[in-house]
Amino acid sequence: MDIAIVGKTSIKIKGKKASFIVDPRRDLPKTSADAIILSNGYDNIDTSHVTDSRIIITGAGGYEVNGAKVSGTTTAKGTLYRISIDGVVIIVGKGAETKAEGFNACQVAIVNTGSDFNESFVTSLEPKLTVLYGPSKLDGAKTLGAQNLGVVSKITVAKDKLPEKMEVVVLG
């Protein structure tokens, strides 16, 4: 599975059978995806550059897209999503979140960092891999104890190649 930054603040999650764009913005180049995931409703969203999308996932509930399972729960900061794709459990949300009921562990956490980054939210998920993007991504990575950071545009994740201890990756 690949996790990539597209545009300035949108993420693409591409598995073997399903692909998702998280929070597409106006600066997004034409991109193909099976589904669009919105973490904060329709605020500052522009879906016109996403092609081949069959569903827009916004809000709480359970969804299935080409075998990938998605569940969302509403929080004070927006919506937090759990995605099971290619045998990997991912939680996607904002860095300002607090722990949400039923969203207590994952293998990969994809976190949009803002000015109110909550380190305890990320560590409570106990991810093997934390992927940070957004305006405070480098500060968030330092808060989590990451050192010698490089910023990458894409990372490939495989269930059998996840690190033993939490690693932090910065997308930008």
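The values are calculated or read from the model by the stated rules, or taken from the named source; none is laboratory data. Just so we're clear, the structure is a prediction, and the values are computed from it rather than from any experiment. A quick note on method: Cβ atoms are made from the backbone with ideal geometry, for glycine too, and the neighbour counts reach across all protein chains shown. Just the protein is used for accessible areas: all its heavy atoms, side chains included, with ligands, DNA and RNA removed. Shrake-Rupley method; radii C 1.70, N 1.55, O 1.52, S 1.80 Å.
Pairs of alpha-carbon atoms within less than 8 angstrom and 6+ residues apart define the contacts here; what relative contact order does the chain have, in percent?
Contact order relative to length: 17 percent.
Work out the FRET efficiency for Ala76 and Asp139 from their Cβ-Cβ distance, taking R0 = 22 Å, and round it to the nearest 0.05.
My answer for the efficiency is 0.50.
Considering only the chain, what is the antiparallel percent among its DSSP beta bridges, to the nearest 5?
The antiparallel fraction comes to roughly 55 percent.
Taking the Cα centre of the chain as the origin, how large is its charge dipole in debye, to the nearest 20, when only Lys and Arg (+1) and Asp and Glu (-1) carry charge on their Cβ atoms?
320 debye
With Cα extents along the principal axes in Å as the read-out, I listed [x] 39, 31, 30; [y] 53, 34, 31; [z] 41, 38, 32; which label goes with the value calculated from this structure?
[x]
Heavy-atom accessible area per residue, the chain, 1.4 Å probe: how many Å²?
Spelled out: the 1.4 Å probe surface of the chain, per residue, equals 48 Å².
Check which residues have an amide H placed less than 5 Å from Ala96's amide H, if you skip close sequence neighbours.
Gly114, Asn118
Mind scanning Lys30/Lys165; Lys69/Lys159; Lys30/Lys142; Lys16/Lys142 and naming the pairs with a C-alpha gap bigger than 25 Å?
Result: Lys30/Lys165; Lys30/Lys142; Lys16/Lys142 exceed 25 Å.
If each DSSP helix of 4+ residues adds -39,500 (n - 2.57) and the sum is divided by the residues in the chain, what number results at 222 nm, nearest 500 deg cm²/dmol?
Value at 222 nm, helices only, nearest 500: -2000 deg cm²/dmol.
Please check the chain for the longest run free of GluC sites (Glu not before Pro) that are loop-located per DSSP (anything but H, G, I, E, B) and have at most 14 other Cβ atoms within 10 Å.
For GluC sites (Glu not before Pro) (loop position, at most 14 other Cβ atoms within 10 Å), the longest site-free span of the chain is 1-100.
Express the relative contact order of the stretch 113-172 as a whole percentage, based on alpha carbon pairs under 8 Å and six or more residues apart in sequence.
The normalised contact order for the stretch 113-172 reaches 46 percent.
Expressed as a rounded percentage, what relative contact order does the stretch 5-57 have, with Cα pairs under 8 Å and six or more residues apart?
Rounded, it is 32 percent for the stretch 5-57.
I'd like the carbon and sulfur percentage of the solvent accessible area for the chain, probe radius 1.4 Å, heavy atoms only, ligands and nucleic acids excluded.
46 percent
Which whole-percent values make up P(r) of the stretch 1-76 when all C-alpha to C-alpha distances are grouped in 5 Å steps starting at zero?
For the stretch 1-76, the pair-distance distribution reads 3, 16, 30, 26, 18, 6, 0.
What order, most packed first, do the peptides 24-34, 85-95, 140-150 have when packing is the mean number of other Cβ atoms within 10 Å of each residue?
Going by the mean number of other Cβ atoms within 10 Å, highest first, we get 85-95, 24-34, 140-150.
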